[in-house]
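See structure below.
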Amino acid sequence: MNSIILKSAAVAFASVAASLLLTLIIVPAMGFPITRTIWLTSTVCPLVLAWTACAGTFWQSDRLKNAHRELARAHAQLAAAHRRLAEKASRDDMTGMLNRESFFAALDGSRRKSDRGALLIIDADHFKKINDSFGHLTGDEALLLIASAIERGVRSGDVLGRIGGEEFGAFLTGATEQEAKRVAERIRREVELIRFRPVDERTIPLTVSIGGTVCGEDVTVSDLMRAADRRLYQAKHAGRNLTILDTDISAAA
């Protein structure tokens, strides 16, 4: 408000000065004397009119600026809320990893950028037995431990997702065959080292079977999934707690 008054006053006094200057030039030139009435008219009229008009204009302008600022702030808050909702919608509620749809979308995006990489499918062994023996809440605890072990096993920048009840996907961005083998074995070992004691002091072993494939050129996400799933099936039927990596997707197809 103070700034509006000051700006209006500045414009009003400038108008008075201009009015007086014109009066001093025009009235004598027309042959009339400059009387008190002319002085008052030249001073008061522009002072009142300019101040009133400027104050209204500046006030409206100030309101408009404030409205724009509020709108920009509301827009920023809305955009932030939208980002949070989108992020939440893309995540698995329990583990915080990408959900199935978001994982495959991220995998497809990574494949479009580069042909290099490897896909791992990680499945918890005998998980139904844990649920049946100890209940689903205990099973959830075990699943969270396994998810944490998987996160410790992968590298920074790798894409993780929960793609099934007790099944996880890991896309190892840019990984070679040897790197993929090391990461898969590290994940398997991290899970194997978990000491899970849901009741009493008895330790329940947790293990995972891992099937994987190294990305070849011009293969689709579906091709990768079929190849990795085939190797996972082999690992399950070979005794579980194993890693089997497909090094040639075309040969496995």
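Pairs linking a residue in region 220-234 that is farther than 13 Å from residue 123 by Cβ to a residue that is charged (D, E, K, R) and at pLDDT below 90, with Cβ atoms under 6 Å and 6 or more positions apart or on different chains, are 221/108; 227/246. Screening region 200-237 for residues that are polar (S, T, N, Q) and modelled with pLDDT under 90 and picking the one that is nearest to residue 131 (Cα to Cα) gives 203. Filtering 228, 142, 235, 175 for residues that are of a type in the set (Gly, Ala, Ser) and within 23 Å of residue 94 (Cα to Cα) leaves a single hit, 142. Considering region 89-139, and only residues there that are under 23 Å from residue 215 (Cβ atoms) and of a type in the set (Ser, Thr, Tyr), the residue that is most open to solvent (accessible area, probe 1.4 Å) turns out to be 114.
Where helices (runs of 4 or more DSSP H) sit wholly within region 73-166, none has at least 1 residues that are in contact (Cβ under 8 Å) with a residue 12 or more places away in the chain and on the phi > 0 side of the Ramachandran plot. Report whether or not residue 142 is more than 24 Å from residue 117 (Cβ to Cβ) and open to solvent by less than 10 Å² (accessible area, probe 1.4 Å). So residue 142 fits the description; yes. Looking across region 152-166 at every residue that is charged (D, E, K, R) and under 12 Å from residue 98 (Cβ atoms), the one that is least open to solvent (accessible area, probe 1.4 Å) is identified as 158.
The values are calculated or read from the model by the stated rules, or taken from the named source; none is laboratory data. Remember, it's a predicted structure, so these values are computed and weren't measured experimentally. A quick note on method: Cβ atoms are made from the backbone with ideal geometry, for glycine too, and the neighbour counts reach across all protein chains shown. Accessible surface is based on the protein model in full, side chains and every heavy atom, while ligands, DNA and RNA are left aside. Shrake-Rupley method; radii C 1.70, N 1.55, O 1.52, S 1.80 Å.
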